[in-house]
Structures are given as C-alpha cells and as structure tokens.
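Take a look at the structure below.
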Amino acid sequence: MKRTKYPELKLELKVLASELKEWKQNRKLAKRTELKLKQWEVQYEVDWRKYEYRHKHIAYCMLNGRRYEQIENYCRVAPNFSEIDRIMEKHGQKTVCASA
C-alpha cells in the first residue's frame, strides 16, 4: 500500500475536487432553477473552489519536493505565494519523523 506524506492535505484536495465537480454540474439551467440559484452564485462557488484547489495542490506538490516550475509550466495568472506558504506551514508542521 502506498502512503502519502501529507494525508490531511491530500484529503482536503479530494474533498475540494468532489465539491468542484458537484458545483460545476449545478451550472446547467435545469439544476440552477431546481436549487433556486443564480448563475453568478454558482460561478462564484466554482471559482472559489478552483482557487483553493490550485493553491493547495501547488503546496502539496512543493511539500513533496517539486519546484513551482515543475508543477505549472505555463499560467496566465501567478498564484498567491503567501497563501501557498501559509498552507505549507500549516501542513508541514504535522509531519513526523519516520525513524521515531
């Protein structure tokens, strides 16, 4: 069985991915009218989750030893590196020494 170094962060990424998928399905007119939502409300939720997922994904990869250039070869908008550093500090402190 393969173990991840940062299981809490990996779980957060999985939850965000599933929420993002659900909200993207809510963009259709029939679903929006059923939920009584406006297009901008649904799009806001999608955009917010995309932002969170991107930054947590970059932090997860960097905690596992990747450089930013290896994670995103091309991007139009640079990520918020202070947000990435905050996520890395939060989850980096939870690691335990394997020899302990």
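Take residue 36 and decide whether it is closer than 30 Å to residue 69 by Cα and not aromatic (Phe, Trp, Tyr). No. Filter region 21-48 down to the residues that are of a type in the set (A, V, I, L, M, F, W, C) and within 23 Å of the chain's Cα centre (by Cα), then identify the one that is surrounded by the fewest Cβ atoms within 10 Å (Cβ to Cβ). The qualifying residue surrounded by the fewest Cβ atoms within 10 Å (Cβ to Cβ) is 40.
Of the residues making up region 63-84, those that are at pLDDT below 95 and either charged (D, E, K, R) or closer than 14 Å to residue 5 by Cα (or both) are 63, 64, 65, 66, 67, 69, 72, 76.
Beta carbons closer than 8 Å, at least 6 apart along the sequence or on distinct chains, pair a first residue in region 60-71 that is without any contact (Cβ under 8 Å) to a residue 24 or more places away in the chain and within 15 Å of residue 10 (Cβ to Cβ) with a second that is of a type outside the set (Val, Ile, Thr) and exposed (fewer than 11 other Cβ atoms within 10 Å of the Cβ) for 61/70.
Answer with yes or no whether residue 52 is touching a Phe, Trp or Tyr at 6+ places or on another chain (Cβ under 6 Å), of a type outside the set (A, V, I, L, M), part of a helix (DSSP H, G or I) and buried (at least 16 other Cβ atoms within 10 Å of the Cβ). Step through it out loud before you land on a result.
Numbers: touching a Phe, Trp or Tyr at 6+ places or on another chain (Cβ under 6 Å): no; of a type outside the set (A, V, I, L, M): yes; part of a helix (DSSP H, G or I): yes; buried (at least 16 other Cβ atoms within 10 Å of the Cβ): yes.
No, not satisfied.
The values are calculated or read from the model by the stated rules, or taken from the named source; none is laboratory data. Note that the structure is a prediction, hence the values are computed from the model and not measured. Cβ sites come from the backbone with ideal geometry, for glycine too, and all protein chains shown count toward neighbours.
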